[in-house]
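Undergrad: Here it is, the structure in full.
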Amino acid sequence: MSTCSKTAQYFASIRSSAKALTAFFEAFPKGGDIHHHALGALLPEAIWAKGGRFWANAEGQLSASAQPGFLPLYSYNKSEMLANWSIKGASKEGRAQQFFNFFGKIAPIFQGQEGYWLGQIAQQAAAENILYVETLIEAPAARQELWSWTQGWSSQPANFEGWTQSLLHYGIEDLIQEVLAEIAGWQADYQALEGPKAQLGLQWYAVRTYPLPMVFAQLYLAFQLAQQSDWVLAVNLVGPEHAELSQAEFEGQMQALRYLKQLFPSVSLALHAGELRPDILAGRPYQNPIEQAIQLGAKRIGHGVGLPLERDAAACLQMMKERAIPLELLLTSNAFILGLPAEQHPFSTYLAAEVPIVLASDDPALLATSLSQEYCLLAQNSQLSYEDFKQLSFNSIRYSFLSEEEKENLEQELKKAFLSFEDRKINPINH
Ligand SMILES: [Zn+2]
């Protein structure tokens, strides 16, 4: 029997043991984690360790300077403070809101230290046998600048050409150069880091919970950065899809993306689409975000939970299969934010329709999960075989936004990692 089929046999034998599955998937070579938010990957322990110069309030909101209601971070009880920075400390009530609040709490410690934190992310990933992380990031100072510029711009009617002229008038060209210089600095920090580290690529995001002119301004910056920086590989749209403004401006946001895709045809787009369930929509109409994302040319669909609500789910599945658009499956995230247990997730519908799937962690530290744990969770909630899981691992390289050459290199590395994994003692049947 080959080492591969022995490993498959071993895997089949441990499916009901959570402990054995955890050990198995920690060692299992996981190609990439390609739906991953940098801010959501800051481990509470690491935030604490780096937070010596910060102030905090009792809810864990950090601040770089003293302000009313804030005390020096280290005057708090450590474990109580750490509970503020992951869902371990969250109550079941209003969990979507709590989740999205987490980012603002810890953002001050990330700002200005991006290179350091990206290095941490790359090292954590390598320790977990992940070869590549495609992480979502932005520059808050640039967002602040765009926010100050776009105040008072009217959304009615949407005027993408006029808004572009205004952005140029305010000096967006200079802002783009400043952010490119910042990104180059992060990249230099990351490259200088010694020891094992995963390869990194960035997706630049716009936050969708703003008035349309501001979403357009962020997207314009994101497309420019993806066009000009070799480290920014794609554009994405983040923030709660169910929020009032995200819903009210949804059509306009899709039009903005369509407009910018025509202006920057070579820029890749991935979209959070259908991170929605009827109860979280609270009576607002479902606007077919999965179909819209596909029509826009998104190359990957994040979450896709809303599939059963789409007006033509079968057509969505057909298009995703034909165009090889994968579903980014984010089980723990959906369980927490949407209250959707893994066994009720529509991933099996995607699988049955032969839509490619990539498994990712979304916000591993905030969600107190890891890519390895996501593999475990899927193993416990599906009949997928060892070969299927291997396929998922390779998918996460194949559907990344790396160049063909970089993908080939990583695929070779992944093949080697599997040869050594399948020969290891984790599998007692081998030895
Ligand atoms: Zn996400």
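Undergrad: What's the total number of residues in region 112-134 that are farther than 26 Å from Leu340 by Cβ, assigned to a loop (DSSP other than H, G, I, E, B) and touching a residue at least 40 places away in the same chain (Cβ under 8 Å)?
TA: 2
Undergrad: How many residues are open to solvent by less than 30 Å² (accessible area, probe 1.4 Å) and more than 16 Å from the ligand (Cβ to nearest atom) when one looks only at region 11-51?
TA: 15
So that you can scan it fast, the table gives a plain yes or no per residue for (1) at negative phi; (2) buried (at least 19 other Cβ atoms within 10 Å of the Cβ); (3) at pLDDT below 95:
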residue: His272; (1), (2), (3): yes, yes, no
residue: Arg277; (1), (2), (3): yes, yes, yes
residue: Ile290; (1), (2), (3): yes, yes, no
residue: Arg300; (1), (2), (3): yes, yes, no
residue: Gly304; (1), (2), (3): no, yes, no
residue: Ala324; (1), (2), (3): no, no, no
residue: Leu329; (1), (2), (3): yes, yes, no
residue: Gln344; (1), (2), (3): yes, no, yes
residue: Leu366; (1), (2), (3): yes, yes, yes
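Undergrad: Something else about it: Identify the single condition in (1) part of a helix (DSSP H, G or I); (2) of a type in the set (Ser, Thr, Tyr); (3) surrounded by fewer than 22 Cβ atoms within 10 Å (Cβ to Cβ) that Tyr220 does not satisfy, given that it satisfies every other one.
TA: For Tyr220, the exception is condition (3).
Undergrad: Residue by residue through region 397-420, note down the ones that are among the aliphatic types (A, V, I, L, M) and either outside any helix (DSSP H, G or I) or surrounded by fewer than 16 Cβ atoms within 10 Å (Cβ to Cβ) (or both).
TA: Leu402, Leu419, listed by residue number.
Undergrad: Here is a further query. Can you run down the residue pairs with Cβ atoms below 9 Å, 6 or more apart or on separate chains, where the first is in region 314-336 and of a type in the set (Phe, Trp, Tyr) and the partner is part of a helix (DSSP H, G or I) and within 16 Å of the ligand (Cβ to nearest atom)?
TA: Phe336/Ile87; Phe336/Arg95; Phe336/Ala96; Phe336/Phe99
Undergrad: Taking the conditions exactly as written (open to solvent by 10 Å² or more (accessible area, probe 1.4 Å), within 16 Å of the ligand (Cβ to nearest atom), within 20 Å of Phe336 (Cα to Cα) and over 16 Å from the mean Cα position of the chain (by Cα)), does Ala282 satisfy them or not? Give the steps one after another, and end with the answer.
TA: Working: open to solvent by 10 Å² or more (accessible area, probe 1.4 Å): yes; within 16 Å of the ligand (Cβ to nearest atom): no; within 20 Å of Phe336 (Cα to Cα): yes; over 16 Å from the mean Cα position of the chain (by Cα): yes.
No.
Undergrad: Just checking: which of the strands (runs of 3 or more DSSP E) contained wholly in region 278-396 hold 3 or more residues that are farther than 19 Å from Pro240 by Cα?
TA: Numbers: elements: 300-303, 327-329, 357-359.
The strands (runs of 3 or more DSSP E) meeting that bar are 357-359.
Undergrad: Would you check if there is a residue in region 244-261 being within 16 Å of the ligand (Cβ to nearest atom), farther than 30 Å from Leu402 by Cβ and either modelled with pLDDT under 95 or of a type outside the set (Phe, Trp, Tyr) (or both)?
TA: no
Undergrad: Can you tell me which residue in region 229-246 is farthest from the chain's Cα centre (by Cα), limited to those that are open to solvent by 10 Å² or more (accessible area, probe 1.4 Å) and more than 17 Å from Leu146 (Cβ to Cβ)?
TA: Glu244
Undergrad: Test Phe264 against the stated conditions and say whether it is at pLDDT 95 or above, closer than 25 Å to Gln98 by Cα and among the aromatic types (Phe, Trp, Tyr).
TA: no
The values are calculated or read from the model by the stated rules, or taken from the named source; none is laboratory data. Since we're looking at a predicted model, the values are computed, not measured. All Cβ positions, even for glycine, are placed from backbone atoms using ideal geometry, and neighbour counts span all protein chains on display. What goes into the accessible areas is simple: the full protein's heavy atoms, side chains included, and nothing from ligands, DNA or RNA. Shrake-Rupley method; radii C 1.70, N 1.55, O 1.52, S 1.80 Å.
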